[in-house]
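A.B. asks: Starting off with a structure, shown below.
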Amino acid sequence: MLNPFDIVIFGGGGDLALRKLLPAMYRAYQEGNLPEGSRILPTVRGQEQQQEYIETAHKALKSFLSDGEFNDKDWQAFSTYLIPVVINVTEADDNWDELHKILNSDAEDKSRVFYLSLPPAVYGQCCEILSTKGLITKTSRVVVEKPIGYCGKSAEEINARIAEFFKEEQIFRIDHYLGKETVQNLMALRFSNALFENLWDAKTIDNIQISISETVGLESRAGFYDKAGALRDMVQNHLLQLLCLVAMESPHKLNAQSIRTEKLKVLEALRPLLDEDVDNNVVRGQYVPGELGGKIVPGYLEELAEGASTTETFVAIRAHIDNWRWSGVPFYLRTGKRMKQRCAEIVVEYKPVSHNVYDNNVGPVKPNRLVIRLQPEESIQLTLMSKKLDKHEMQLQPVTLNIELSEQYENGFHSDAYKRLMLDAAANNPSLFIHRQEVRRAWKWIDPIIARWQEKGTPSLYRAGSWGPEAADELLDECNHKWFNVGEGA
């Protein structure tokens with residue numbers, strides 16, 4: 001059972017806090033995982049926001065929780081956990097003393113989680129004030145959001161600044177994809193099923209595709225996104241972390257150190273993409289107006305409201321892991337905005353059977369395929385070849401075994417990554433968080449791609465509501481592969 005804890009959400013009035021963090025804590029309360037005596041302290045900028053915060057939180061929960069989750073009884077109880085405080089994260093004024101007074105009014109050994117829902121540029125300054133005001137205890141943890149920096153150098157500077165005030169074991173770098181139950185299920189699927197672990201290498205697998213597609217455009221992130229782009233925003237963290245979980249060796253134990261060691265081995269074995277290698281193995285795109293959901297939606301430049309920008313909203317990469325397990329197997333990474341459908345999935349394409357005993361007239365024998373869908377619905381699909389049972393003569397067809405994970409639970413299944421990760425931070429369990437070395441290695445692989453793009457080329461254009469630029473399809477055609485698109489197959 002988790003002990004009572006305090007969590008201070010810096011930027012408590014921001015979009016992330018209201019849309020994700022508060023609903024996560026509300027769900028934790030409903031499930032009995034928010035111990036009595038815990039406190040949630042969202043920070044706001046002024047007295048007026050502080051006075052209105054409980055009503056703001058009430059509206060946010062009613063808006064962002066799923067149907068049937070919100071009820072007045074639970075809200076009344078949950079609202080007693082909320083203590084909004086006024087804080088300017090860049091000025092060590094008297095309001096910090098009030099926060100100190102609140103936190104020190106309870107047990108000295110009570111866990112403190114400082115969640116920095118802030119721009120990375122102010123992480124260091126906020127941590128310094130926490131230290132100056134004597135708020136960092138032995139049981140304190142700091143949670144920082146991605147992306148950390150815009151390149152390897154800036155990431156290292158931010159990490160070094162945080163490390164001046166917190167030990168590495170106190171720093172929890174969050175990637176919410178790692179908190180998804182279906183992502184954690186990757187390890188269970190691989191390491192507790194001989195069926196898969198014995199068929200999880202270059203001898204049996206032809207290629208692996210990892211895709212995260214979004215239907216949304218810029219929304220409220222225009223300023224941030226135009227400086228970051230899809231490569232920094234999605235590939236450097238989400239996609240590379242999923243790649244690590246798919247490709248890593250079995251850890252000695254399921255603890256943070258063992259898991260991180262195996263993930264680092266994958267990042268270190270990634271074949272570098274330098275100069276012309278970037279041109280040949282990476283596609284970047286930018287969406288233009290198109291039809292999505294029966295409506296015409298604007299292009300990136302129209303949403304940005306600026307004349308020109310070469311920021312990519314789509315990236316596809318052909319990557320290779322140069323080790324014994326994966327030698328010769330291409331890993332295709334893909335992410336994009338304004339795509340045809342919202343989906344996150346891992347597709348494992350197996351090699352064809354070594355000898356086909358059937359004549360050509362029975363139909364083509366297609367390779368097996370494993371699809372692990374992470375969102376929006378969580379499922380596992382395995383496609384096998386089977387006889388058409390309604391035919392007297394021998395005819396083959398692919399059939400799919402489909403496990404809808406939500407149907408396995410009487411009360412349904414709701415995966416909340418932020419809930420899991422925030423509770424893990426409170427419990428001092430770093431297994432699903434990212435180590436500084438992982439950040440360093442990921443940027444080392446990403447930086448040469450960014451450098452090449454700055455030297456030459458512009459994004460390929462693609463219609464909103466499509467699956468990305470044609471160049472992404474050509475990237476796979478070169479190896480006789482095709483993208484697996486949800487709802488369409490390969």
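A.B. asks: Which count do you get for residues in region 246-258 that are assigned to a helix (DSSP H, G or I) and at pLDDT below 90?
C.D. replies: Selection size over region 246-258: 2.
A.B. asks: Testing W326 on (1) touching a residue at least 24 places away in the same chain (Cβ under 8 Å); (2) surrounded by fewer than 16 Cβ atoms within 10 Å (Cβ to Cβ), one condition comes back false. Which one is that?
C.D. replies: If we test W326 against (1) touching a residue at least 24 places away in the same chain (Cβ under 8 Å); (2) surrounded by fewer than 16 Cβ atoms within 10 Å (Cβ to Cβ), just (2) comes out false.
A.B. asks: Moving on to the next point. When only residues in region 329-377 that are closer than 30 Å to H238 by Cα, polar (S, T, N, Q) and surrounded by fewer than 21 Cβ atoms within 10 Å (Cβ to Cβ) count, which is nearest to the chain's Cα centre (by Cα)?
C.D. replies: Result: Q375.
A.B. asks: With the checklist (1) open to solvent by 10 Å² or more (accessible area, probe 1.4 Å); (2) at pLDDT below 85; (3) closer than 28 Å to N323 by Cβ in hand, flag the one item L189 doesn't pass.
C.D. replies: Looking at each condition in turn, L189 falls short on (2).
A.B. asks: Another question about this same structure. Open to solvent by 10 Å² or more (accessible area, probe 1.4 Å), within 17 Å of the chain's Cα centre (by Cα) and closer than 26 Å to I321 by Cα - does that describe any residue in region 218-235?
C.D. replies: Within region 218-235 (the criterion being open to solvent by 10 Å² or more (accessible area, probe 1.4 Å), within 17 Å of the chain's Cα centre (by Cα) and closer than 26 Å to I321 by Cα), the answer is yes, since at least one residue qualifies.
A.B. asks: Okay, next question. Output the number of the condition that G293 fails; it satisfies all remaining conditions of (1) in contact (Cβ under 8 Å) with a residue 60 or more places away in the chain; (2) within 21 Å of L475 (Cα to Cα); (3) exposed (fewer than 14 other Cβ atoms within 10 Å of the Cβ).
C.D. replies: (2)
A.B. asks: Can you tell me which of L199, L243 is at pLDDT 95 or above and over 19 Å from Y462 (Cα atoms)?
C.D. replies: It is L243.
A.B. asks: Turning to a different aspect of this structure: Give the number of residues within region 355-400 that are at pLDDT below 80 and among the polar types (S, T, N, Q).
C.D. replies: 5
A.B. asks: Something else about it: Looking only at region 132-177, count every residue that is more than 30 Å from A230 (Cβ to Cβ) and among the β-branched types (V, I, T) and tell me the total.
C.D. replies: Result for region 132-177: 4.
A.B. asks: Next question, about the same structure. Working only within region 173-189, note down all residues that are assigned to a helix (DSSP H, G or I) and within 24 Å of A121 (Cα to Cα).
C.D. replies: Once the filter is applied, which keeps residues that are assigned to a helix (DSSP H, G or I) and within 24 Å of A121 (Cα to Cα), region 173-189 yields H176, Y177, L178.
A.B. asks: Let me ask something additional. What are the pairs, 6+ residues apart or on separate chains, where a residue within region 418-439 that is at positive phi has its Cβ under 7 Å from a residue that is open to solvent by less than 20 Å² (accessible area, probe 1.4 Å)?
C.D. replies: Going by the 7 Å Cβ cut-off, the qualifying pairs are N428/R141.
A.B. asks: Go through region 48-78 and give me each residue that's in contact with a strand residue (DSSP E or B) (Cβ under 7 Å, 6 or more places away or on another chain) and open to solvent by less than 50 Å² (accessible area, probe 1.4 Å).
C.D. replies: Y53, A57
A.B. asks: When region 49-91 is examined, which residues are found to be of a type in the set (F, W, Y) and either closer than 19 Å to V8 by Cα or in a helix (DSSP H, G or I) (or both)?
C.D. replies: Of everything in region 49-91, those that are of a type in the set (F, W, Y) and either closer than 19 Å to V8 by Cα or in a helix (DSSP H, G or I) (or both) turn out to be Y53, F64, W75, F78, Y81.
A.B. asks: Please enumerate the residues belonging to region 296-309 that are exposed (fewer than 13 other Cβ atoms within 10 Å of the Cβ) and part of a loop (DSSP other than H, G, I, E, B).
C.D. replies: A305, E306, G307, A308
A.B. asks: Just give me the residues in region 47-67 being within 18 Å of A28 (Cβ to Cβ) and under 26 Å from the mean Cα position of the chain (by Cα), in sequence order.
C.D. replies: Residues satisfying the conditions are A57, A60, L61, K62, F64, L65, S66.
A.B. asks: Can you tell me which of R19, R39, R45 is open to solvent by 60 Å² or more (accessible area, probe 1.4 Å), among the basic types (K, R), in contact (Cβ under 8 Å) with a residue 12 or more places away in the chain and closer than 16 Å to P84 by Cα?
C.D. replies: R45
A.B. asks: Quick one: which of L274, L267 is in contact (Cβ under 8 Å) with a residue 12 or more places away in the chain and not in a loop (DSSP other than H, G, I, E, B)?
C.D. replies: One residue alone meets the criteria, L267.
The values are calculated or read from the model by the stated rules, or taken from the named source; none is laboratory data. In this text, all values refer to a predicted model and were calculated from it rather than measured experimentally. Cβ coordinates were reconstructed from backbone atoms using ideal geometry, including for glycine residues, and neighbour counts include every protein chain displayed. The protein model used for the area step is the full one, side chains on, heavy atoms only, and it has no ligands, DNA or RNA in it. Shrake-Rupley method; radii C 1.70, N 1.55, O 1.52, S 1.80 Å.
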